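Following: one structure in structure tokens, then a few remarks.
Readers should treat all values here as calculations from the given coordinates under stated rules, not as data from a laboratory. Since the structure is predicted, the reported quantities are computational estimates derived from the model, not experimental observations. Neighbour counts are summed over all protein chains in view; Cβ atoms, including those assigned to glycine, are modelled from backbone coordinates with ideal geometry.
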Ligand code: DC
């Protein structure tokens, strides 16, 4: 089975510090993590994008993402690559095609949530995630980074916000991208994904015991970034 791979040049550091950021969808993990990573010169790793790429691959092959056997059967033929542009933006490649924009579609979100529940899919993507943290100073976000992928990360943050606040942010984001969707539908999908992600047997979404809990319901983007930067600066010595 060809392992998913990293291509392009990320910044390699001799002393690798890792920040694990977990939390439900729409909590602002990726934008906050990317901004902080850019400011500090860390490599930003969006692990949700990797699961989304597997979900997209299943959809493209016309599979029902809830058909575990069918999804597992395509893993050996998947060619998933991850690269970082100079501006720190993470790009996902599927079979040689840049699918960075396409994996944000709502149907891909649901497929990603379904395929990420399979332990075999998680195991398939584990080494890629760990190898990035071995070779780079990273801010990695996902659902199980502090609990499973990087249990020894020196800083773990569980970033959350109320479901309404998260759905509002996602609704606004979709609207700005010209993909308008009724708010109620966005909220329903958000709650469905929360349920899938936290009730699944394999690596369910939960805060690591030693994670710092950060609730951004009442914080704007700037304030959220400042809170994360403060935590990093308290624990990281350049
Ligand atoms: O963060 P996101 O919304 O892009 O993630 C897409 C899906 O992948 C989401 O339903 C949860 C899942 N996921 C996961 O199970 N583990 C991760 N480390 C990251 C994402």
Subject >> Single condition residue 92 does not satisfy, out of (1) surrounded by 21 or more Cβ atoms within 10 Å (Cβ to Cβ); (2) part of a helix (DSSP H, G or I) >> reply: (2)
**OP:** Kindly provide the set of residues from the range 107-121 that are part of a helix (DSSP H, G or I), within 15 Å of the chain's Cα centre (by Cα) and more than 18 Å from residue 76 (Cβ to Cβ), ordered by number.
**Re:** 108, 109, 110, 111, 112, 113, 114
Original post:
Any idea which of 57, 33, 27 is closer than 19 Å to residue 136 by Cα, within 16 Å of the ligand (Cβ to nearest atom) and either without any contact (Cβ under 8 Å) to a residue 40 or more places away in the chain or buried (at least 24 other Cβ atoms within 10 Å of the Cβ) (or both)?
Top reply: 33
**OP:** Tell me, yes or no, whether the range 122-139 has at least one residue that is within 30 Å of residue 181 (Cα to Cα) and either in contact with a helix residue (DSSP H, G or I) (Cβ under 7 Å, 6 or more places away or on another chain) or in a strand (DSSP E or B) (or both).
**Re:** no
Subject >> Inter-residue pairs, beta-carbon under 6 Å, first in contact (Cβ under 8 Å) with a residue 60 or more places away in the chain and at negative phi and in the range 103-121, second buried (at least 21 other Cβ atoms within 10 Å of the Cβ) and assigned to a loop (DSSP other than H, G, I, E, B), 6+ apart >> reply: 114/65; 115/65
Original post:
Given the conditions (1) farther than 30 Å from residue 36 by Cα; (2) away from the ligand (no atom under 12 Å from the Cβ); (3) surrounded by 16 or more Cβ atoms within 10 Å (Cβ to Cβ), and given that residue 118 satisfies all but one, which numbered condition is not satisfied?
Top reply: (2)
